[in-house]
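Undergrad: Can you read through this structure? Questions will come right after.
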Amino acid sequence: MSFWFAVLRQAGRNLRQTWPSQFMTLLTVSLSVLIFAFFFLVYNNMLNVGDKLGDDLRLIVYLEEEPGPEMQAQLKRKILAFDEVDEIRFISKTDAYQRFSEQLGENRDVLDDMPQDFLPASVEVVPLKNLSSLSQVKNFSDYLSKLPGTIKVQYGQDWIERFYYFTRLLSIIVLLSGGLLILTSVFMVSYTIRLTILGRQAELELLKLVGATNNYIRTPFLLEGLLQGLIGSTAGILSLYGLFHWVELKFAGPGILSIFEFTFFHPQTVVTIIAISIVLCAVGSYSSMQKFLRI
Amino acid sequence: MTGHGENGTMIEMIKVTKTYPPDVKALSDVSLSITTGEMFFLIGMSGAGKTTLLKLLCNMETPSNGLIEVAGKDIHRVKGRHLARLRQKIGVAYQDFKLLTDRTVAENVAISMEVSYKKPQLIKKRVKDLLEQLALSDKHNTVTGELSRGEQQRVALARAVANSPTLILVDEPTGNLDAGTTEKVMQLLTKCNNSGATVVIATHDHSIYRNTHHRIMELRYGKLHLVREGMVS
Ligand SMILES: Nc1ncnc2c1ncn2[C@@H]1O[C@H](COP(=O)(O)OP(=O)(O)O)[C@@H](O)[C@H]1O
Ligand SMILES: [Mg+2]
């Protein structure tokens, strides 16, 4: 108990002496958490949107002629050679005719004069619903169109592909801002603590001389790092939440945002981000402290 | 400090040499043992190596050669937590005081007790008590940077003895004091000694060892010579 009393007393002294730089660090940490969390949130939502788009995504390979069972097996093997897929469905000429006439509904009599096999046979390929397979949908389509006996390949709209390039770019930004978060929190925290240490070198040296244990000297700084991580990341997440809420209110109703349902992080994700920030800040303060204690 | 009864050895130095770079021989082949509970005077003119010897005893400097044991432990082998615990039991009044000049007198004295997690009320009482004995009561809340050297010297001494250490090392404790205050300082040290602490006093002020019955040794050019054997054990 008296250990924690001593730790809190020391931490209080540190804070009183160096609160301007502590405050700057806090700001930096929360800003970098905000930046990272912002991109991560957008990315997460893009993934959700991607999932929904992916549900409808399929490539239709039109064939020159009706494939026999052997040809079907060959095609299947060729398709699977490129990538695993969710489903491969063969549509014969009559199936296609059937479907088309169902789609026409009451107007189906326009087909009366047409031969039952006027529509080409085709293969429907449903790619796996993950980003990596979806993002190569163009490559996949190129591959399929080069298979022998195909006339042409159709898939969704062009913008699906662009959308996936965008998501990929976003994932890079998320990684970069994550790296920024790591750098700023570790370095800023270790920098402020080094400042504190330099400002109080005489005292810390004396503490060692009068028999303070390393824990006595180190724990207040560690606590400082922990608090900076906790408060900084909480502030960052809270301001992101505020921003999110504002955008939600501002753009409520019909509009581009209402097409996709935007959601905030799961509580688990929030806890994870905060926990990681705490660990990073603690690492920063610990590394500064170790350098000092070794001298 | 277990295993060191009335007649145990607190300090054991065997053939200790200390050479400062590049080539300053501060101590050469010093051998010395000090009994637990002894009061010991180390005299010598300025530059003789007194401060160096005390610094070796509290692990502020490492010897170039030889063995130093304090309370049965090779003090230069002890590391980390054990070194901290040993230092808590050694009170040192440094020649240059090493006070925190932006803190009050009371805070400075309290530090040595805080690091061994003494209760705040106990610290408060002890600090008040010590400052009274050293005629510093009115300076309780004064920042030490504003004190005279004589006052700073006594604050350093108060900090050294506050945690009731078993070994007290004092370096020139009376350098800046008048006769009356010197008397108070010696009374405090004698009191600590009477309650069991081993006390080592490095000084060149002959007024404080002139009438003593304790052992006196002199450092001359880094070598130790016996001046007078102690009268009482
Ligand atoms: N850190 C140091 N570096 C180099 N020489 C030193 C150092 N400290 C002390 N000395 C030298 O060692 C000798 C003994 O010094 P010191 O132990 O301070 O003597 P005293 O305390 O008896 O006056 C002196 O010649 C001094 O110049
Ligand atoms: Mg000296």
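The values are calculated or read from the model by the stated rules, or taken from the named source; none is laboratory data. Remember, predicted model here, so these are calculated numbers, not experimental data. In this analysis, Cβ positions are derived from the backbone assuming ideal geometry, glycine residues included, and neighbour counts consider all displayed protein chains.
Undergrad: Of all the residues that make up region B:48-69, how many are touching a strand residue (DSSP E or B) at 6+ places or on another chain (Cβ under 6 Å) and away from ligand 2 (no atom under 16 Å from the Cβ)?
TA: Selection size over region B:48-69: 7.
Undergrad: Can you tell which of B:LYS128, B:LYS89, B:LYS124 is among the basic types (Lys, Arg), under 30 Å from B:ASN176 (Cα atoms) and either within 16 Å of ligand 2 (Cβ to nearest atom) or in contact with a strand residue (DSSP E or B) (Cβ under 9 Å, 6 or more places away or on another chain) (or both)?
TA: B:LYS89
Undergrad: I need every pair where a residue in region A:1-12 that is facing another protein chain (nearest Cβ under 9 Å) and under 15 Å from B:ILE111 (Cβ atoms) has its Cβ under 7 Å from the Cβ of a residue that is buried (at least 17 other Cβ atoms within 10 Å of the Cβ) and of a type in the set (Asp, Glu), sequence separation at least 6 or different chains.
TA: Listed by first residue and then by second, the contacts come to A:ALA6/B:GLU114.
Undergrad: Looking at A:LEU119, is it farther than 30 Å from A:HIS266 by Cβ and either among the basic types (Lys, Arg) or buried (at least 17 other Cβ atoms within 10 Å of the Cβ) (or both)?
TA: yes
Undergrad: Does B:ILE34 qualify as being more than 22 Å from B:GLU229 (Cα to Cα) and more than 16 Å from ligand 2 (Cβ to nearest atom)? Don't jump to the end; show me each part of the working.
TA: On the way: more than 22 Å from B:GLU229 (Cα to Cα): no; more than 16 Å from ligand 2 (Cβ to nearest atom): yes.
So B:ILE34 does not fit the description; no.
Undergrad: For region B:109-207, list the helices (runs of 4 or more DSSP H) that sit wholly inside it and hold at least 1 residues that are within 14 Å of chain A (Cβ to nearest Cβ) and within 16 Å of ligand 1 (Cβ to nearest atom); which are they?
TA: Of the helices (runs of 4 or more DSSP H) lying wholly inside region B:109-207, those with at least 1 residues that are within 14 Å of chain A (Cβ to nearest Cβ) and within 16 Å of ligand 1 (Cβ to nearest atom) span B:149-162.
Undergrad: For the list (1) within 16 Å of ligand 2 (Cβ to nearest atom); (2) surrounded by 16 or more Cβ atoms within 10 Å (Cβ to Cβ), I need the number of the one condition that B:ILE168 fails.
TA: Condition (1) is where B:ILE168 drops out.
Undergrad: Identify the single condition in (1) within 16 Å of ligand 1 (Cβ to nearest atom); (2) of a type in the set (Lys, Arg); (3) under 28 Å from B:ARG87 (Cβ atoms) that B:ARG220 does not satisfy, given that it satisfies every other one.
TA: (3)
Undergrad: Scan region A:34-42 and tell me whether some residue there is outside the structural domain of A:PRO148 (by TED's automatic domain parsing), surrounded by fewer than 18 Cβ atoms within 10 Å (Cβ to Cβ) and of a type outside the set (Lys, Arg). Outline the logic, then answer.
TA: Of all residues in region A:34-42, those outside the structural domain of A:PRO148 (by TED's automatic domain parsing) come to A:34-42.
Then drop every residue that is not surrounded by fewer than 18 Cβ atoms within 10 Å (Cβ to Cβ), which leaves A:42.
Next, from what is left, pick out any that are of a type outside the set (Lys, Arg): A:42.
There is at least one residue in region A:34-42 that is outside the structural domain of A:PRO148 (by TED's automatic domain parsing), surrounded by fewer than 18 Cβ atoms within 10 Å (Cβ to Cβ) and of a type outside the set (Lys, Arg).
Undergrad: So, in region A:140-155, how many residues would count as being more than 31 Å from the chain's Cα centre (by Cα) and without any contact (Cβ under 8 Å) to a residue 12 or more places away in the chain?
TA: 2
Undergrad: Does region A:206-214 contain at least one residue that is in contact with a helix residue (DSSP H, G or I) (Cβ under 6 Å, 6 or more places away or on another chain), part of a helix (DSSP H, G or I) and within 11 Å of chain B (Cβ to nearest Cβ)?
TA: For region A:206-214, residues in contact with a helix residue (DSSP H, G or I) (Cβ under 6 Å, 6 or more places away or on another chain), part of a helix (DSSP H, G or I) and within 11 Å of chain B (Cβ to nearest Cβ): present.
Undergrad: Could you count how many residues in region B:36-53 are within 21 Å of B:VAL78 (Cβ to Cβ) and more than 8 Å from ligand 1 (Cβ to nearest atom)? Lay out the reasoning, then the answer.
TA: Of the residues in region B:36-53, the ones within 21 Å of B:VAL78 (Cβ to Cβ) are B:36, B:52-53.
Subsequent filtering for residues that are more than 8 Å from ligand 1 (Cβ to nearest atom) retains B:36.
Going through region B:36-53 one residue at a time, the tally reaches 1.
Undergrad: Of all residues being surrounded by fewer than 19 Cβ atoms within 10 Å (Cβ to Cβ) and within 15 Å of ligand 1 (Cβ to nearest atom) in region B:60-93, which is farthest from B:THR17 (Cα to Cα)? Just the residue, please.
TA: This residue is B:MET60.
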